Amino acid sequence: MHKVAILLGPAVATFELGCASELFALSRPEYPNWYQTDIISFHQGPFIATGGLQLLVPQVQDLTGYDTILIPNWSVSQPEPPAQLRSQLIAAYQRGVRLISFCSGAFLLAELGLLKGKAATTHWRYADEFQRRYPDSRYQQNVLYCFDGQIGCSAGSAAALDLGLAVIRRDFGFEIANQVAKRAVISAHREGGQAQFVAQPLQKKTNLLSTTMDWALLHLDQAIAIEQLADKAGMSRRSFDRHFKASTGLSPLQWLVQQRLQLVQHYLEQGQHSIEQISDLTGFGSALNLRQQFQKQLGISPRQYQRQFSCNQL
């Protein structure tokens, strides 16, 4: 059983705590070996959450026994943790515990020195402050979340759901993550980054762009040229690239690769096709190209992924 600690600081962000609780603390008896989750703190309560809600949670001094520690939020102005919490989190990281931060929770991990040289992100409102304080991290400006080894960080608020679902996909696979998302009535995987929320929204071209993307999703098994997509959207190639990037945070090619990889994951988990067949069904053209893209984007080989999430093997 995978044990999760949702770690609270003195001030609690109600929404981020709700995201963590919905994804990891909700009982799901339909899934064997689902998370066993505790909501804990090293601080003495009661805690005042957003909106004046008062909370009482167990006060602890030890993080031994947890496989994942999730930090829903943390103080931006005073990120330095108590000495006992500092030593416990560093020790947990050293023994391989996964550390996940939502929104401002990245400030705690950075304050501990755990984000040195690692990809990190937080809410765009805090981006300048984070980079000023922690220039030794590799700050990711326009992402909803990022993983670097055993550490994951999400951007603000609802991006916590994106990162949480990504964690579930890693632990339980594509199908179960989709089912969890469906139960919560949220998208199983949003594309793009924070730029889509701070930039001006598309207007005239939005419907054409959406229609073009829908068409591409139905034809992923075919060779799709970006020029072909631009033509379907009624744009020049340059204009299409610009509008697509503004809408999704990705280039058209990056988006196509991501969509195809999600389809690959689905076929791998079904365990009914060879890698060569999957490469044809997903438009990668060859097993070698599929393997290279899968390893590059997901950090694991298709064979390893299938061993983890399917009863069958390639």
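Which is of a type in the set (A, V, I, L, M, F, W, C), loosely packed, with under 13 Cβ neighbours inside 10 Å and either farther than 23 Å from TRP124 by Cα or out of contact with any helix residue (DSSP H, G or I) (no Cβ under 7 Å at 6 or more places or on another chain) (or both), of LEU7, LEU85, LEU53?
LEU53
Between LEU70, LEU17, LEU23, which is in a strand (DSSP E or B), of a type outside the set (Lys, Arg) and within 24 Å of ARG183 (Cβ to Cβ)?
Only one candidate passes the filter, namely LEU70.
Modelled with pLDDT of 95 or more, under 16 Å from ALA5 (Cβ atoms), touching a Pro at 6+ places or on another chain (Cβ under 6 Å) and of a type in the set (A, V, I, L, M, F, W, C), is that true of LEU108?
So LEU108 passes the test.
What residue, of GLN94, GLN88, is touching an Asp or Glu at 6+ places or on another chain (Cβ under 7 Å) and either free of Cβ contacts under 8 Å to residues at least 60 places away in the same chain or not assigned by TED's automatic domain parsing to the domain that holds ALA155 (or both)?
Result: GLN88 is the single residue among GLN94, GLN88 that is touching an Asp or Glu at 6+ places or on another chain (Cβ under 7 Å) and either free of Cβ contacts under 8 Å to residues at least 60 places away in the same chain or not assigned by TED's automatic domain parsing to the domain that holds ALA155 (or both).
Among the listed residues GLN295, GLN306, which satisfies the condition of being closer than 29 Å to GLN140 by Cα, at pLDDT below 90, of a type outside the set (A, V, I, L, M, F, W, C) and not assigned by TED's automatic domain parsing to the domain that holds ASN178?
It is GLN295.
Considering every residue within segment 194-208, establish whether at least one is modelled with pLDDT under 90, among the polar types (S, T, N, Q) and touching a Gly at 6+ places or on another chain (Cβ under 9 Å).
Among the residues of segment 194-208, at least one is modelled with pLDDT under 90, among the polar types (S, T, N, Q) and touching a Gly at 6+ places or on another chain (Cβ under 9 Å), which makes the answer yes.
Collect the residues in segment 230-256 that are within 21 Å of SER279 (Cα to Cα), of a type outside the set (Phe, Trp, Tyr) and crowded, with 18+ Cβ neighbours inside 10 Å, keeping them in residue-number order.
PRO252, LEU256
Quick grid of which residues meet (1) touching a helix residue (DSSP H, G or I) at 6+ places or on another chain (Cβ under 7 Å); (2) within 25 Å of GLY18 (Cβ to Cβ); (3) not β-branched (Val, Ile, Thr):
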residue	(1), (2), (3)
HIS43	no, yes, yes
ALA49	yes, yes, yes
PRO72	yes, yes, yes
GLY113	no, no, yes
ARG138	no, no, yes
VAL143	no, yes, no
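For segment 26-43, which residues satisfy the criterion of being in a loop (DSSP other than H, G, I, E, B) and crowded, with 21+ Cβ neighbours inside 10 Å?
Within segment 26-43, TYR35, PHE42 meet the criteria.
Any chance segment 129-146 includes a residue that's closer than 22 Å to LEU268 by Cβ, of a type outside the set (A, V, I, L, M, F, W, C), over 13 Å from the mean Cα position of the chain (by Cα) and outside the structural domain of LEU256 (by TED's automatic domain parsing)?
Within segment 129-146, not a single residue is closer than 22 Å to LEU268 by Cβ, of a type outside the set (A, V, I, L, M, F, W, C), over 13 Å from the mean Cα position of the chain (by Cα) and outside the structural domain of LEU256 (by TED's automatic domain parsing).
Of the residues GLN270, GLN259, which is touching a residue at least 40 places away in the same chain (Cβ under 8 Å) and more than 19 Å from the chain's Cα centre (by Cα)?
None of the others qualify; the one that does is GLN270.
The values are calculated or read from the model by the stated rules, or taken from the named source; none is laboratory data. These numbers come from a predicted model, not from an experiment. In this analysis, Cβ positions are derived from the backbone assuming ideal geometry, glycine residues included, and neighbour counts consider all displayed protein chains.
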